[in-house]
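Report on the structure given below.
The values are calculated or read from the model by the stated rules, or taken from the named source; none is laboratory data. Everything numeric here is computed off the predicted structure, so don't read it as measured data. Heads up, the Cβs are rebuilt from the backbone with ideal geometry, glycines too, and the neighbour counts pull from every protein chain shown.
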Amino acid sequence: MGQDKKTPITIDGKAYVFEDFSKEQQTMCNHCFDLDRKIDSAKFNLDQLLIGKQAFMDMLKKSLEENPPAQTVEPIEIK
């Protein structure tokens with residue numbers, strides 16, 4: 001005999017069983033799971049972007065120290 005699979009879900013410290021949720025509640029729960037995954041992915045991508053930008057700024061600064069431009073003008077700050 002097969003056993004029914006039960007998926008425990010904790011919301012605000014209270015335990016629930018996903019399979020006991022209504023279809024609408026399951027859909028909302030699945031949206032929350034998917035949004036958590038997307039938020040984690042966005043944070044991961046942001047880390048890559050910030051570190052990548054810092055690496056390019058470091059390379060640019062080193063290049064400017066080694067090969068300064070012939071002349072300078074009013075500065076435009078790159079943040």
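Looking at the structure I just gave you, is K79 in a loop (DSSP other than H, G, I, E, B) and either of a type in the set (K, R) or in contact (Cβ under 8 Å) with a residue 24 or more places away in the chain (or both)? When the stated conditions are applied, K79 passes them. Residues that are in a helix (DSSP H, G or I) and either exposed (fewer than 10 other Cβ atoms within 10 Å of the Cβ) or touching a His at 6+ places or on another chain (Cβ under 8 Å) (or both) within region 20-32 comprise K23, E24, listed in sequence order.
Scanning region 21-43 for residues that are more than 15 Å from T10 (Cα to Cα), over 8 Å from the mean Cα position of the chain (by Cα) and aliphatic (A, V, I, L, M) yields one hit, L35. Scanning region 1-19 for residues that are assigned to a loop (DSSP other than H, G, I, E, B) and modelled with pLDDT of 85 or more yields K5, K6, T7, D12, G13.
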